[in-house]
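Novice: This is the structure, below, for whatever I ask next.
The values are calculated or read from the model by the stated rules, or taken from the named source; none is laboratory data. None of these values were measured; they are calculated from a predicted model. Because the Cβ atoms are built from the backbone with ideal geometry, glycine has one as well, and the counts that use them run over all protein chains shown.
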Amino acid sequence: MENKKSAAGNIGRDRKKVGRAGRRKAPSGYGGVRPKKGLGQNFLIDEGVIDAIAGGCGADAGALVIEIGPGTGALTLPLTERAGFLAAVELDDSLIEPLRVKTFGAGNVKIIHEDILKLDIDSLISELKDEYKLESVRVVGNLPYYITTPIIMKLLEEAEGIDSITVMMQKEVADRISAEPGERLAGAITYSVHYYAEVSKVVDVPRECFYPVPNVDSEVLRLDIRKEPAVRTEDADFMFKCIKTGFSQRRKTLLNSLSAMEGTNKEKVAKALFASGIEENRRAETLSLAEFAKLADILREE
Ligand code: SAM
């Protein structure tokens, strides 16, 4: 997979057989399921995208794959064919039985009826990895867009032992996450994700690849978790606090935005900026991760 470039290219619009642009009726095999808007249910109907995700997420015979939000199972079966074992976590009560029926013959699947935000992922990983003697853990998800960021952050900050996270998201969010820290498109989430993971693009997903058709285009990113964080810092929480504060008022200079943080003032921030070799008039979006780490460490000592 090429960094920041699509492995599978543009799918959907450019292809004759996929995308099914403008499709209004539920595709066959949905067993009368009515998509629930409140649960962000836009189901994948494009075989090219499904193949690109299943093939690009690192699922293989040695992998425990955790699928978040399997829905009607568009990705689930292709994942069971590649994975050592698949745990699929779905919140919607009405989809659990159809998912169990659909995956019954696979023999390597557990359908878990749970809210992913409440699930103890560490326990699930250690239990299944031990039981099936698996070497790697791959998380895959086509998630509701409103929980993309909380789920990614929960997995990055709290879960142990995950090797990669392959996740569908709104194109604008993907652009932000895959920007390099210090680039114009970067936001606070860019720094958090790059601290923990290397980012690469799996595939572009035009809106016509879903039923029902959403209002936005999407993209699938793969986050490969680093063995060590990208930079060293004495206190990652404090560094992220500085980053969030800097970006919450991104038009202000760092001198002004960071001075408003609890426990700091203009004099302390000016001294820390000087000691870090960062000009006072720079804004958050111009700093690299290494510069934020250095600045945060010095400011914490002030
Ligand atoms: N993976 C399927 C596909 O690609 O066709 C469904 C994708 S749909 C965008 C998102 C799925 O996530 C839905 O099935 C929805 O019910 C489920 N979901 C929503 N919130 C969830 C949560 N907190 N925990 C687990 N699943 C959730």
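Novice: Taking Arg232 as meeting all but one of (1) among the basic types (Lys, Arg); (2) closer than 23 Å to Met153 by Cβ; (3) not in a loop (DSSP other than H, G, I, E, B), write down the number of the exception.
Specialist: Tallying (1) among the basic types (Lys, Arg); (2) closer than 23 Å to Met153 by Cβ; (3) not in a loop (DSSP other than H, G, I, E, B), Arg232 fails exactly one: (3).
Novice: Pick out the one residue from Glu198, Glu219 that is of a type in the set (Asp, Glu), more than 26 Å from Lys37 (Cα to Cα), in contact with a strand residue (DSSP E or B) (Cβ under 9 Å, 6 or more places away or on another chain) and not in a helix (DSSP H, G or I).
Specialist: On inspection, the qualifying residue turns out to be Glu198.
Novice: Further question on the same structure: Just checking, how many residues over the range 266-287 are polar (S, T, N, Q) and crowded, with 16+ Cβ neighbours inside 10 Å?
Specialist: Total satisfying the criteria: 2.
Novice: Then there is this: Kindly indicate which of Ile177, Ile116, Ile189 is among the aliphatic types (A, V, I, L, M), outside the structural domain of Arg283 (by TED's automatic domain parsing), within 15 Å of the ligand (Cβ to nearest atom) and closer than 30 Å to Pro35 by Cβ.
Specialist: Sole residue among the options that is among the aliphatic types (A, V, I, L, M), outside the structural domain of Arg283 (by TED's automatic domain parsing), within 15 Å of the ligand (Cβ to nearest atom) and closer than 30 Å to Pro35 by Cβ: Ile116.
Novice: Please specify each residue of the range 32-79 satisfying the condition of being assigned to a strand (DSSP E or B), charged (D, E, K, R) and away from the ligand (no atom under 11 Å from the Cβ). Even if it seems obvious, please write down each step before you answer.
Specialist: Step one: of the range 32-79, the residues assigned to a strand (DSSP E or B) are 43-44, 63-68.
Checking the rest, the ones that are also charged (D, E, K, R) come to 67.
Residues satisfying the conditions do not exist here.
Novice: For the range 248-302, what are the residues that are part of a loop (DSSP other than H, G, I, E, B) and among the charged types (D, E, K, R)?
Specialist: Arg250, Arg251, Lys252, Glu262, Glu279, Glu280, Arg282, Arg283, Glu302
Novice: Taking only the range 152-173 into account, find how many residues are within 17 Å of Asp224 (Cβ to Cβ) and out of contact with any strand residue (DSSP E or B) (no Cβ under 6 Å at 6 or more places or on another chain).
Specialist: 7
Novice: Given the criteria among the hydrophobic types (A, V, I, L, M, F, W, C) and loosely packed, with under 15 Cβ neighbours inside 10 Å, does Leu117 qualify?
Specialist: yes
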